[in-house]
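Report on the following structure.
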Amino acid sequence: MLHSISCLEYAKRWKTTGLLLATCLLAQAPMGLSQSTSQPATAFNAVNSEENRAEGGASAGTASALTPHHSVKQLSEGLKNQDPAVRAAAVEMLGDARDPGAVKLLVGELHDQDPYVRAIADTMLIKIGSPAAQTLIVALGESDPYVPALAALALSTMKDPRAHEALMKVLNERNSRAIFGIHTYYVKLGVPGSEPALIEALDKYPSREMAEEFLNSGNPALQEAAKQWAVRFKRTLRTASSATTVRWASAEDAPETSATPTVGAQ
């Protein structure tokens, strides 16, 4: 029987953290204005994907045939399986192995047709950390609608100067797909002159969560953009208490970087 499965259900099934939930939502959020003009992307309408999963004992049995004791080469065979449950199991084990040889395979799975496999791949890359940084930096330039955003999300969690410098370059180049993935990172940094790039990302990839974050950020330009977004889509945005709000320039520290610290309007 085919059925839709939510990110919450999937995260519970895999017994994973809230970070997987975030990557799961990003992994299937509409990646273009043409897909989301009538219904902006939100954590609520993104959960139920149009992609259905096959449910049955065969999936569980096939996935359980994989074990952490298999080599990277053996686990990579699982990535070719038609069953997303098998691919997800292989991805998780590759991440748990923390083998540098698995990094390219995991980055490759950010292209997977199943949003939950993409989400787990991103979570595993986050778990691996700095050894995955350079491969993820290269992935920022891909044309796939999901890969740059997921690569940026993974890089934004790393205390690695290379990652920070690459994300500053993303901001300077106004890579809206990647900026959409980690707008919270940029809001917290509060980079002077970055507001036009952030607003452009909101315009291209409408998201209620992003608009609400801008509204509550304390930055006048972002607040005004959020108000205009609400009028455009006829949506009500919620204000939040200071304890739960992502504030502009609230980051306590940022990695040192040789990248240009400001972003000029283009």
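Here each label is just a point 7 Å from Cα along the line to Cβ, and for T239 and E173 those points are 3.9 nm apart.
Each Cα pair under 8 Å and six or more residues apart adds its separation to the average, and for region 160-266 the resulting relative contact order is 41 percent. Which FRET efficiency value, to the nearest 0.05, do you get for T184 and E77 by plugging their Cβ-Cβ distance into 1/(1 + (r/R0)^6) with R0 = 41 Å? Step by step, r from the Cβ atoms, then E = 0.65. For region 143-175, the residues whose amide N sits under 20 Å from a probe point set 7 Å from the Cα of D203 along the beta carbon direction are 170-175. A straight chain from D144 to Q113 at 0.36 nm per residue would run longer than the Cα-Cα distance by 10.0 nm.
Values quoted throughout were computed directly from the atomic coordinates according to the rules given, and no laboratory measurement underlies them. Just so it is clear, the structure is predicted and the values come from calculations on it, not from any experiment. Neighbour counts run over all protein chains shown; Cβ positions are idealised from the backbone, glycine included.
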